[in-house]
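All remarks here apply to the structure that follows.
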């Protein structure tokens, strides 16, 4: 069973949800409600609790989603997950 995220991680999740989908905001200038996408690499179906980004349903699990079209195709279209995380961090710091 997966461990429950600690308070620090839960705070980051909340901030990301308030920010909106990073793809929609960066590429289209719109705010859409997201869920949290964890980068792959934790292995055995475990969440990577160090790297995650906010993605709307369309860009997460929908027809344009990373889990639907695959990581490589998705990153070719929208940028790498790391680039989007870096952009989110820069944008968040500009708002603070």
Checklist line | Pairs with Cβ under 9 Å, 6+ apart, first in segment 75-91 and without any contact (Cβ under 8 Å) to a residue 60 or more places away in the chain and at positive phi, second part of a helix (DSSP H, G or I) and buried (at least 17 other Cβ atoms within 10 Å of the Cβ) | finding: 79/23
Check: Given the conditions (1) surrounded by 14 or more Cβ atoms within 10 Å (Cβ to Cβ); (2) at pLDDT below 95; (3) more than 12 Å from the chain's Cα centre (by Cα), which single one is not true for residue 44?
Finding: (1)
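For a quick check of your reading: which helices (runs of 4 or more DSSP H) sit entirely within segment 47-96 and have at least 1 residues that are under 17 Å from residue 20 (Cα atoms) and in contact with a strand residue (DSSP E or B) (Cβ under 9 Å, 6 or more places away or on another chain)? So that I can check it myself, show each step before the final result.
Values: elements: 57-60, 66-69, 71-78, 81-95.
Result: 57-60, 66-69, 81-95.
Condition test on residue 36, is it assigned to a helix (DSSP H, G or I) and either at pLDDT 85 or above or more than 18 Å from residue 79 (Cβ to Cβ) (or both)?
Numbers: assigned to a helix (DSSP H, G or I): no; either at pLDDT 85 or above or more than 18 Å from residue 79 (Cβ to Cβ) (or both): yes.
In short, no.
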Checklist line | Pair list, Cβ < 9 Å and 6+ apart or interchain, from segment 1-14 residues that are within 19 Å of residue 55 (Cβ to Cβ) to residues that are part of a helix (DSSP H, G or I) and at pLDDT 90 or above | finding: 5/12; 5/13
Notebook entry, point to check: Which condition number does residue 84 fail, the rest of (1) at pLDDT below 95; (2) within 28 Å of residue 4 (Cα to Cα) being met?
Noted result: (1)
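The values are calculated or read from the model by the stated rules, or taken from the named source; none is laboratory data. Not measured: the values here are computed from a predicted model. Neighbour counts are summed over all protein chains in view; Cβ atoms, including those assigned to glycine, are modelled from backbone coordinates with ideal geometry.
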